[in-house]
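To start, the structure under review is shown below, and the notes come after it.
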Amino acid sequence: MLITISQLLILRKSSILLLLIAFSLGIILASFTAIHWVIIFTCWITFAFTYGVTIAYGEQVLFFRKWINWNIMVLFFLSGMLGYHFKVISSYEYEFSEIYLANDQLLGEIIEFQKGENEFDKAIIEVKKVIKPHTEALAQGKLLCYIRTSNSDLKEGSVILFQPDIQPIKNKNNPGEFNAEQYWKIKGISTIAFTTDENIEVLGQAKTFNSFWTNSRNYLANIVKQYIDEENQGLVIALSLGDKSNLSMEKRNNFANAGAMHVLAVSGMHVGILLAFLHFIFQKISFLRKRNLYLYTALILLWCFAFLTGMSASVVRAVAMFTLLAIGQIKGHRFFGLQAIFASALFLLIFNPLFIFDIGFQLSYLAVIGISLFYRPILGLFHSRYKIINWFWQGTAVGIAAQIGTVPLSLLYFNQFPNYFFITNIGLLILAGVALISVVLLFLLHFIPWIVDVLAYIVNTIFDILNSFIVWVNSLPGEVSTGFTPHPLHVLLIYVGIGFSLYQWRKGNAKFFKIGILLLFISAVALIFNREYNKSKEELVVLNHYEKVILLKGNQSLHVLYDGEKRPSLSSLDYLINGYENATGIKAIKTPVPKDIQVQFSDQINFAHTKDGMAIAYYGKKYLLANRINKKVLNSDYELIKGQWNQFLPEEHINISTTKKAIVLSPIGKE
């Protein structure tokens, strides 16, 4: 960039925001278009040259000074487009999946490794070479690999040689499904493989900068496993090191329903707790009471913490923001609030443009923007003469302000709202900080025999209380509301309404402020109305799955019907339908359909499992999830449905296929 960091730090708030918008729009446009990077780079060079000439010869002329501002905006816009193209897989010159053939092998390094709850471990492998029968070729790219393993030799940093069967990552396109294709694309991954450790040869251990932090993280995790009760180990590791792989699905759901997932995802809250702890120590020791010494020490420790926890978008955001604040203070600049937020976002997007599509990145920035804009107005609504009450109200105000920033987008992505988030926030004011600091002390003092036992007891007690508190919140009636399915445009309008209302409130314009609040109220009512309509809507869904699985929704109920002979595992069914349950706001009832037995819901709806397939009668229409094609089937009045349970049925006889996406049938026929 032709603008230095020092210059960017002293730009006005609006200037940083405009640069951020320009850069972000460039990234988004590049993701939707197929413009070749050479064309974009040519335009970038042209505008950079124009900018240089204008700066050199026309800075004193008003017209050219205006053009300089526009030129900078265009440069940042084109930089965003270039950054996107240089990060996506299609820009790799030696992308491994393009040159890998059936008899080849891959040489790569495991850069992320998670022990699985079941029989498969998950690894992300950075491919270095494609080994062919008589030669080898340099390669680039990452592979998502699930490994059936009993071998403890595999870990982050392992250099391996293996021969996987590579498949592209594709969504099943079932309703409410997690968008795996987009999720992994953001991480620069487009292929997946399943293998066993018997097909993997470990060649050694890579010695890199990341391997140091990986080994450190593993060392600290082993301390937790050595001294902490098994019931609390997953929670302690998640809260302190950001690794949620040891957490059960039940605990994850409990924290999500209570509105406390930010505790498990290492984020700005953790950075704030560590900063407060560090500040407390520096204030107690006289020779450390120097502003710059504190800032330099905090910067070093926070970046170490960021690397230790895997550089998640949320923690990097918080550390980058504090870095900008610290640099501003050291250089004597006043650089606070929204300026730091926008500048840190811009730096992170320059570092990795794909962050803009990361849900964690979006929610973390919306949370801090919400706090920056709404914390003080909310705080001013209440004041007590008792300090402890004011302290709790301050924490509650932070939580409400963060929710204002994140709720619309959370409803779009997750379709649910934690009704008792304010109660959760009050409890976490004490528990989260005490829990994290206790673990930090355990890590620092674990080598002292009797102290480590005392600290382990304290950590176990605190995390028992934390877990019990979250379980209690989940036991409250209506702990979470699901079924919200706002359109992206609806979400955008809500944010516009929030911004409009805040602007009018600050201007003291009561009339327009009331109009903004009224529009927000109408938007909320529309969300609730749409939720109730979705609950009552009747439909039948045949899922894209390797077994016959059908969703029947109607009369505020949801049934999952599946082949009673094959009986897919309940955990796989839960994973398959969880998104649909959240989107509809209805908990599913699992109903097996045994062979040669009819399951009838009404005169208009019944199911029967026969040797030819699963027959469905649905409001005067008949469907058959066909196992085979014969004369009896062809002469019947069934519409034949093909799925992954039998992909070899001849297409000429098939009426409907679910091999690429689920089908949704309405009471009057196929939609």
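Values as computed for the structure displayed
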| quantity | calculated |
| --- | --- |
| Single match in 361, 347, 351 (criterion: within 30 Å of residue 482 (Cα to Cα) and among the aromatic types (Phe, Trp, Tyr)) | 361 |
| Any hit, segment 119-126, residues being in a strand (DSSP E or B), touching a helix residue (DSSP H, G or I) at 6+ places or on another chain (Cβ under 9 Å), more than 25 Å from residue 356 (Cβ to Cβ) and modelled with pLDDT under 90 | yes |
| Among residues of segment 156-172, those that are surrounded by 15 or more Cβ atoms within 10 Å (Cβ to Cβ) and assigned to a loop (DSSP other than H, G, I, E, B), counted | 7 |
| Every residue from segment 461-470 that is in contact (Cβ under 8 Å) with a residue 60 or more places away in the chain and touching a helix residue (DSSP H, G or I) at 6+ places or on another chain (Cβ under 6 Å) | 463, 466, 470 |
| Flag if residue 410 is open to solvent by 40 Å² or more (accessible area, probe 1.4 Å), at pLDDT 85 or above and in contact with a Leu (Cβ under 8 Å, 6 or more places away or on another chain) | no |
| Failed item in (1) more than 30 Å from residue 100 (Cβ to Cβ); (2) under 24 Å from the mean Cα position of the chain (by Cα); (3) not charged (D, E, K, R), with residue 183 passing the rest | (1) |
| Hits in segment 343-355 - residues which are open to solvent by 30 Å² or more (accessible area, probe 1.4 Å) and modelled with pLDDT of 90 or more | 350 |
| Residue among 48, 56 that alone is among the small types (Gly, Ala, Ser) and either at pLDDT below 85 or open to solvent by 80 Å² or more (accessible area, probe 1.4 Å) (or both) | 56 |
| Long-range neighbours under 7 Å by Cβ, at least six apart or interchain, first residue in contact (Cβ under 8 Å) with a residue 60 or more places away in the chain within segment 510-536, second open to solvent by 60 Å² or more (accessible area, probe 1.4 Å) | none |
| Which listed residue is part of a helix (DSSP H, G or I) and modelled with pLDDT of 90 or more, from 106, 75, 143 | 75 |
| Where a residue in segment 587-608 is within 24 Å of residue 575 (Cα to Cα) and its partner, wherever it lies, is at pLDDT 85 or above and assigned to a loop (DSSP other than H, G, I, E, B), with Cβ under 9 Å and at least six apart | 593/548; 607/601 |
| Residue 179 in contact with an Asp or Glu (Cβ under 8 Å, 6 or more places away or on another chain) and open to solvent by less than 90 Å² (accessible area, probe 1.4 Å) | no |
| Count - residues of segment 225-272 that are touching a residue at least 40 places away in the same chain (Cβ under 8 Å), open to solvent by less than 40 Å² (accessible area, probe 1.4 Å) and more than 18 Å from the chain's Cα centre (by Cα) | 7 |
| Residues that are under 19 Å from residue 440 (Cα atoms) and more than 24 Å from the chain's Cα centre (by Cα), drawn from segment 284-325 | 284, 294, 297, 298, 299, 300, 301 |
| Residues of segment 416-437 satisfying the condition of being touching a Ser or Thr at 6+ places or on another chain (Cβ under 7 Å), in contact (Cβ under 8 Å) with a residue 60 or more places away in the chain and surrounded by fewer than 20 Cβ atoms within 10 Å (Cβ to Cβ) | 417, 419 |
| Residue list for segment 532-556, restricted to those being surrounded by 15 or more Cβ atoms within 10 Å (Cβ to Cβ), assigned to a loop (DSSP other than H, G, I, E, B) and of a type in the set (S, T, N, Q) | 544 |
| Entirely in segment 188-281, the helices (runs of 4 or more DSSP H) that have 3 or more residues that are on the phi < 0 side of the Ramachandran plot and modelled with pLDDT of 85 or more | 209-227, 230-241 |
| Tabulated pairs, segment 316-330, first within 16 Å of residue 348 (Cα to Cα) and aliphatic (A, V, I, L, M), second at pLDDT 75 or above and surrounded by fewer than 19 Cβ atoms within 10 Å (Cβ to Cβ), C-beta under 7 angstrom, 6+ apart or interchain | 319/303; 320/347 |
| Single residue of segment 123-143 satisfying the filter (more than 14 Å from residue 160 (Cα to Cα) and open to solvent by less than 60 Å² (accessible area, probe 1.4 Å)) that is farthest from the chain's Cα centre (by Cα) | 132 |
| Complete set of residues in segment 482-501 that are open to solvent by 20 Å² or more (accessible area, probe 1.4 Å), touching a residue at least 40 places away in the same chain (Cβ under 8 Å) and not in a helix (DSSP H, G or I) | 482, 484, 485 |
| Looking only at segment 438-452, and only at residues there that are in a helix (DSSP H, G or I) and free of Cβ contacts under 8 Å to residues at least 12 places away in the same chain, the one that is most open to solvent (accessible area, probe 1.4 Å) | 450 |
| Residues (farther than 25 Å from residue 600 by Cβ and open to solvent by less than 40 Å² (accessible area, probe 1.4 Å)) located in segment 652-671 | 654 |
| Pair list, Cβ under 6 Å, 6 or more apart: segment 341-355 residue free of Cβ contacts under 8 Å to residues at least 40 places away in the same chain and within 12 Å of residue 79 (Cα to Cα), other residue open to solvent by 10 Å² or more (accessible area, probe 1.4 Å) and in a helix (DSSP H, G or I) | none |
| Among the residues listed as 470, 400, the single one being part of a helix (DSSP H, G or I), open to solvent by 20 Å² or more (accessible area, probe 1.4 Å) and of a type in the set (A, V, I, L, M, F, W, C) | 400 |
| Criterion: under 30 Å from residue 647 (Cβ atoms) and modelled with pLDDT of 90 or more - qualifying residue of 527, 540 | 540 |
| Residue pairs meeting the criteria (Cβ under 8 Å; at least 6 apart or on separate chains; first open to solvent by less than 40 Å² (accessible area, probe 1.4 Å), in segment 362-374; second at pLDDT below 90 and not in a helix (DSSP H, G or I)) | 364/267 |
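The values are calculated or read from the model by the stated rules, or taken from the named source; none is laboratory data. Just so we're clear, the structure is a prediction, and the values are computed from it rather than from any experiment. With ideal geometry, Cβ positions are generated from the backbone for all residues, glycine too; neighbour counts draw on all protein chains shown. Accessible surface areas use protein heavy atoms only, side chains included; no ligands, DNA or RNA. Shrake-Rupley method; radii C 1.70, N 1.55, O 1.52, S 1.80 Å.
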